[in-house]
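Below is one structure, written out as structure tokens; comments come after it.
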Amino acid sequence: MSRSRDVVEVIAQTLADRAEDVSATEREGVEVIHIELSTRGRDLGRMIGREGRTAASIRALAELASEDDGRRVVVDFVDNP
């Protein structure tokens, strides 16, 4: 598991009403780390934020956490009903 995934998961759990409903999965490639963040209910809207500002911040922090690695980070937000 990468530091980027850990950062994304901790931030998402902090924003969520129920931290146990949040999960972050990771797929690592040669040039890209792909993180899929999933949650239930209204928490997804809270993580995306107004006009996507919170999502952009989460993505920026994930990118900074992987800076030593040299790979790009992609964070996708998924709603689990």
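The share of accessible area on the chain that comes from carbon and sulfur is 48 percent, using a 1.4 angstrom probe.
The magnitude of the dipole of the stretch 27-71, with charges of +1 and -1 set on the Cβ of Lys/Arg and Asp/Glu and taken from the Cα centre, is near 480 debye. Accessible surface area normalised per residue over the chain is 62 Å², counting heavy atoms of protein chains with a 1.4 Å rolling probe.
Sorted from largest to smallest, which semi-axis lengths in Å does the alpha carbon gyration tensor of the chain give for its equivalent ellipsoid, taking the root of 5 times each eigenvalue?
Numbers: eigenvalues 89, 32, 21 Å².
Taking √(5λ) for each Cα gyration eigenvalue gives 21, 13, 10 Å.
For VAL7, the shell of other residues with beta-carbons less than 14 Å away shows a net charge of -4, using +1 for Lys and Arg and -1 for Asp and Glu.
Relative to one another, the C-alpha centroids of the stretch 1-22 and the stretch 29-74 are positioned 10 Å apart.
The values are calculated or read from the model by the stated rules, or taken from the named source; none is laboratory data. Everything quoted here is computed from the prediction, not taken from an experiment. As a convention, Cβ positions derive from the backbone with ideal geometry for all residues, glycine included, and neighbour counts pool all protein chains shown. Ligands, DNA and RNA are stripped out before the accessible areas are found, and what is left, the full protein with its side chains, is counted by its heavy atoms. Shrake-Rupley method; radii C 1.70, N 1.55, O 1.52, S 1.80 Å.
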